Each structure stands twice: as structure tokens, then as C-alpha cells.
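A.B. asks: For reference, the structure I am asking about is given below.
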């Protein structure tokens, strides 16, 4: 199972690359050493709340966006999460979910 530090690091790297920034450029924007960016992106370190805010500002996203990484999980973990959600649905919700998934899968 992937831990939150690794997932957060992947998310920072994803946003950094989308902005076409190097680790050094992002480090300069958030006022830290580029080695610290590398450690965060690799999941070795986790940033302080203050640094999370600076990341959000530099990457032009809301701080909460930096924690939306469910899709970065391993396939096995994603399947377990989906199964867990499905098991909690009542019949009507299950029918609707089936309809949405079927529609999506047929595209």
C-alpha cells in the first residue's frame, strides 16, 4: 500500500511537470533547497503546513488539490476501495452506479 508521503510526492511532481518547472525552479518559488523538493517528491519527507501553502500558491492550485491523489494509488488498492464503496450501496444506488459504469465503459 502506498503511503501518504509517497502519494503527496507524486502529486507535487505531477503539478510541477504540468507547469514545466524543474525541481530547482519550484524550490526557488517556495523558498527551499531543491534537494528538499526531491525528498518530498520521492516520499522521503513530508512538508510542513506552511510549505504546503507555498506549494499551492506556486503551483496555482488550492491546497486541498494537493491531497486529491486517489487515482495515483496502486491498482490493487483502487480495486479494494471501489469494492468497499460498492458494498455500502443500497439497491437503487447500486443500479445507478452500474448504469454510470456501463455507460463509461462502452465509450
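A.B. asks: Quick check: the angle from helix 91-105's long axis to the longest principal axis of the chain, C-alpha only, nearest 10 degrees?
C.D. replies: In the chain, helix 91-105 runs at an angle near 60 degrees to the longest axis.
A.B. asks: Continuing with this model, one more query. By counting other Cβ atoms within 10 Å of each Cβ, how are 19, 102 ranked from fewest to most?
C.D. replies: 102, 19
A.B. asks: Taking the chain as the reference, fit the longest principal axis to its C-alpha atoms, fit the long axis of helix 4-18 to the helix C-alpha atoms, and give the angle between the two in degrees, 0 to 90, nearest 10.
C.D. replies: In the chain, helix 4-18 runs at an angle near 70 degrees to the longest axis.
A.B. asks: Hey, another quick one. Can you give the relative contact order of the chain as a percent, counting alpha carbon pairs under 8 Å and 6+ residues apart?
C.D. replies: Across the chain, relative contact order equals 29 percent.
A.B. asks: Right, something else. To the nearest Å, what is the center-to-center distance of segment 1-75 and segment 86-107, using C-alpha atoms only?
C.D. replies: 33 Å
A.B. asks: A further question on this structure: Could you state the angle between the C-alpha long axis of helix 75-87 and the longest principal axis of the C-alpha atoms of the chain, as a value from 0 to 90 degrees rounded to the nearest 10?
C.D. replies: 50 degrees
Coordinate-derived values only; no laboratory data. Model, not experiment: these values are computed from the prediction. Every residue, glycine as well, gets a Cβ built from its backbone with ideal geometry; the counts of neighbours run over all protein chains shown.
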